[in-house]
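Since the structure comes first, as structure tokens, the remarks are kept for the end.
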Amino acid sequence: MYYVVCRVSTWLTTRGDRVRWSVIGYLRGRVLYKSLKELLVDVRDVGYRVKIGEKMYRGVTEGEEVELFIHTQVREDALELYGFAEMKQLKLFEMIIGVSGVGPKIGMAIVGMTKAEAVERAVREANVEFFQRIPGIGRKGAQRIIVDLKGKIAGMAELDLAAEGGEDEVMEALMSFGFGRAEVEAVRRKFEADLSMEEQIKMGLKMLGRR
């Protein structure tokens, strides 16, 4: 099953007045029509046109119920929705279009052609050729994407590890001081069970500081 979450939180200017779009948190509906670049999704008798990537096009069928994570792009003459199967893909897409000179069309071409992990690996390994395969991206553009995303991708990986490990507030607090996950876990095993969260953090900092 695919997921579509729409996030519309953008200011528009009309005759000098500022008008804010309402935030749409979630859409779920049936695919009425699909093309290589777009889905038409029926949500309670309202049709939403959602731009998609090649990988999603191959994975959905007309008549199927879908749920998608969405980036909303507002222009002077249009409001466009870009849909992704996973939140991770959406976050990656938004990082990519944050790079100077990279728009939603190229961002979708990158994220929509493969798994998010493949794009992240290309960034970590500085694989310029991976990005040059996308029409509209030259060598300099590929290098700029890699340089801009390298630190951000590393941060995403750390957050994913924390989520998978059931990270609690004490772990997060201690790791925020620059200590590694393994050394924090080693110290935490020595804590007394009845310590408060504040006491655990203080003791953890004291014990880690001796290392």
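I'd like to verify a number: residues in the range 38-73 that are of a type in the set (F, W, Y) and either surrounded by fewer than 16 Cβ atoms within 10 Å (Cβ to Cβ) or more than 20 Å from L90 (Cα to Cα) (or both), how many? Give the steps one after another, and end with the answer.
Of the range 38-73, the ones of a type in the set (F, W, Y) are 48, 57, 69.
Now drop any that are not either surrounded by fewer than 16 Cβ atoms within 10 Å (Cβ to Cβ) or more than 20 Å from L90 (Cα to Cα) (or both), which leaves 57.
Looking only at that region, the number is 1.
Just give me the residues in the range 89-102 being surrounded by 16 or more Cβ atoms within 10 Å (Cβ to Cβ) and outside any helix (DSSP H, G or I), in sequence order.
Those that are surrounded by 16 or more Cβ atoms within 10 Å (Cβ to Cβ) and outside any helix (DSSP H, G or I): I97, V99, V102.
If V31 satisfies every condition in (1) at pLDDT below 95; (2) more than 22 Å from the chain's Cα centre (by Cα) but one, which is the exception?
(1)
Yes/no per residue for (1) of a type outside the set (G, A, S); (2) more than 12 Å from the chain's Cα centre (by Cα); (3) modelled with pLDDT of 90 or more:
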residue: R75; (1), (2), (3): yes, yes, no
residue: A85; (1), (2), (3): no, no, no
residue: K91; (1), (2), (3): yes, no, yes
residue: E94; (1), (2), (3): yes, no, yes
residue: I106; (1), (2), (3): yes, yes, yes
residue: A109; (1), (2), (3): no, yes, yes
residue: T114; (1), (2), (3): yes, yes, no
residue: E117; (1), (2), (3): yes, no, no
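Could you check the range 123-139 and list, in sequence order, the residues that are in a loop (DSSP other than H, G, I, E, B) and hydrophobic (A, V, I, L, M, F, W, C)?
Filtering the range 123-139 for residues in a loop (DSSP other than H, G, I, E, B) gives 125-127, 133-138.
If the condition is that a residue be in a loop (DSSP other than H, G, I, E, B) and hydrophobic (A, V, I, L, M, F, W, C), then A126, I134, I137 are the ones that fit.
Pairs only if they're at least six apart or on different chains, beta carbon under 9 angstrom, first in the range 168-191 and not assigned by TED's automatic domain parsing to the domain that holds G204, second modelled with pLDDT of 80 or more and part of a loop (DSSP other than H, G, I, E, B); list them, first residue then second.
Cβ pairs passing all conditions: none.
Among what's in the range 58-88 and is assigned to a loop (DSSP other than H, G, I, E, B) and β-branched (V, I, T), pick the residue that is farthest from K115 (Cα to Cα). Spell out the reasoning first.
Here is the first cut: in the range 58-88, the ones assigned to a loop (DSSP other than H, G, I, E, B) are 60-64, 68, 75-78, 85-86.
From what is left, the residues that are β-branched (V, I, T) are 60-61.
Working: V60: 16, T61: 19 Å.
Taking the candidates together, the pick is T61.
The values are calculated or read from the model by the stated rules, or taken from the named source; none is laboratory data. From a predicted model like this one, the values you see are computed outputs, not experimental measurements. Here the Cβ is made from the backbone with ideal geometry for all residues, glycine too, and neighbour counts use every protein chain on show.
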